[in-house]
1. For n ≥ 4 DSSP H runs only, could you compute -39500 (n - 2.57) per run for the chain, divide by its residues and tell me the 222 nm figure to the nearest 500?
2. Could you tell me the distance between the Cα centroids of segment 240-261 and segment 149-215, to the nearest Å?
3. Can you give the Rg to Rh ratio of segment 1-106, both from alpha-carbon atoms, with Rh computed by the Kirkwood formula?
4. Once amide H atoms are placed 1.01 Å from N in the peptide plane, what residues at a sequence separation of 5 or more from V77, or on another chain, have their amide H within under 5 Å of its amide H?
5. Under a GNM of the chain (C-alpha, springs under 10 Å), which listed residue has the highest mean-square fluctuation: R260, R107, R228?
6. Charges only on Cβ, +1 for Lys and Arg, -1 for Asp and Glu: so what's the dipole of the chain about the Cα centre, in debye to the nearest 20?
7. I want the antiparallel fraction of DSSP beta bridges within the chain, as a percent rounded to 5.
8. Which one of S147, S255, S174 has the biggest mean-square fluctuation once the chain is modelled by GNM with Cα springs under 10 Å?
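The values are calculated or read from the model by the stated rules, or taken from the named source; none is laboratory data. What you see is a predicted model, and the numbers here were worked out from it, not measured in a lab. Neighbour counts are summed over all protein chains in view; Cβ atoms, including those assigned to glycine, are modelled from backbone coordinates with ideal geometry. Heavy atoms of the whole protein, side chains included, go into the accessibility calculation; ligands, DNA and RNA do not. Shrake-Rupley method; radii C 1.70, N 1.55, O 1.52, S 1.80 Å.
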Amino acid sequence: MTDSLCTHLRFGRILLTGAAGNLGRQLRPRLKRYCDQLRLSDRADLGAAAAGEELVQVDLADKAAVHQLLEGVDVVVHMGGISTEQAWSAILGANIVGLVNLYEAARAHGVKRIVFASSNHVTGFYRQDQVVSPQDPIRPDGFYGLSKAFGEGLAQMYWDRFRIETVSLRIGSSFPAPRDRRMLATWLSYDDTERLVMSALTAPVVGHTIVYGVSDNPLTWWDNTSARHVGFRPQDTSEGFRAEIEQRQGPIDTSDPATRYQGGAFVRSGPFID
Ligand code: NAI
Ligand code: 15L
């Protein structure tokens, strides 16, 4: 996106976790426009620091390191963690223990708001002929989706008890382009990801709000009406990719659970108990 969304709203220091990942690499140059200092963290290598960047390599499961990581931070964009169905021990360390470490450190340092990368896999076992809203009961499609549901529950608890605000983003599929028929419904462009994150950071009052992260695709499984106060207005659409994907994929195999449920192939991946 060429223009900054909220040039009038600047932060002192934003912390971006998961900065070495797919979305972290996209958000790194974009978030810099909205703050004086951008603290970037990941357990993986983050390269060299540009002007106004601070690099901190930590594992989210390391409580003391995460405590230090949050010092002097105004707001957090939490993208770090396991992002697919993987071994339970890895999910436990990064997405459960790591998230508790993050929120406890945020509480200790007086951080006011966290934008949490949740996932559509919190509701992955709804069918593709249903439209779901953040008010509907969760139906996680695996331990990964369940760990994101835990994160949303944790965010709610830290709002109720400690007044730390969170916007939980149930991101659909944020990639350069939709990869298959399912992603025609779930795609979130990178520019819309930036719009979503900035709306979540700057909306005046959010408490704990859950919002689906999806572009303005013609076919959708998610109703974001209840989160209109966040002010997220996607500008992109998957429509331009439809013809090529339909032609490449051919007829739908209705015996495959991945075509019946919103979580797609995640509904038949794992569980990987180790
Ligand atoms: P990614 O897997 O590319 O990036 C995640 C980053 O977290 C990686 O750089 C990894 O090194 C880091 N990480 C993992 N475990 C860690 C630990 N224990 N300590 C510190 N860092 C750790 O994932 P991506 O695509 O960038 O997604 C970002 C976030 O958004 C993830 O939390 C993911 O679950 C969520 N999400 C992404 C979607 C997408 O379509 N890209 C869809 C739904 C949710
Ligand atoms: C996710 O939660 C994953 O992090 C991402 O890699 C995609 O697979 C996405 O969901 C999806 O549902 O397409």
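1. Theoretical 222 nm ellipticity from helices: -8500 deg cm²/dmol.
2. Each part's Cα centre sits 26 Å from the other's.
3. Ratio of gyration radius to Kirkwood radius: 0.98.
4. L15, L16, T17, V115
5. Its mean-square fluctuation being the largest, the pick is R228.
6. It works out to roughly 400 debye.
7. Here the antiparallel bridges make up roughly 5 percent for the chain.
8. With Cα springs under 10 Å in the chain, the top fluctuation among S147, S255, S174 is at S255.
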